[in-house]
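The values are calculated or read from the model by the stated rules, or taken from the named source; none is laboratory data. All of these numbers come straight from a predicted model, not from anything done at the bench. Here the Cβ positions follow ideal geometry from the backbone for every residue, glycine too, while neighbour counts run over all protein chains shown.
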Amino acid sequence: MTKSLNVTAVVPAAPGLLQVTWDDGVTRLVDLRAQLHGHVSLDMLNIAEVFRDVAVVPGGGGVEWANGADFSARSLRLWSDEKTNLNARKSA
């Protein structure tokens, strides 16, 4: 069984971008712009003031906003891994 992955810190870096730290010590920029694009339920997160009001879910299971939007720690990590792997392939 895989150890659960938890978020320990989140900082909004720019509209659609979060700097996320997980409990394994990894800190990465996570680009959520694709996830936010065209999703009615996430439209409010395209407003800079709303997006900046992000917090770690109690217990670290992900990040959340006051409007009820949230992303799991595992999803955030998968998206950051995909981006990291894509960038590594481009520079190779």
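Structural remarks
- Selected residue [loosely packed, with under 14 Cβ neighbours inside 10 Å, of a type in the set (V, I, T), modelled with pLDDT of 95 or more and not in a helix (DSSP H, G or I)] from V30, V11, V20: V11
- Looking across the range 54-74, the residues that are within 15 Å of the chain's Cα centre (by Cα), surrounded by 14 or more Cβ atoms within 10 Å (Cβ to Cβ) and not in a strand (DSSP E or B) come down to V57, G60, G61, A69, A73, R74.
- Subset of the range 34-48 that is closer than 15 Å to L17 by Cβ and in contact with a Phe, Trp or Tyr (Cβ under 9 Å, 6 or more places away or on another chain) - its residue that is surrounded by the most Cβ atoms within 10 Å (Cβ to Cβ): L45
- For R74, the requirement of being modelled with pLDDT of 95 or more, in contact with a Gly (Cβ under 9 Å, 6 or more places away or on another chain) and among the basic types (K, R) is met.
- Residues located in the range 7-50, provided they are among the charged types (D, E, K, R), within 21 Å of G61 (Cβ to Cβ) and within 11 Å of the chain's Cα centre (by Cα): R28, D31
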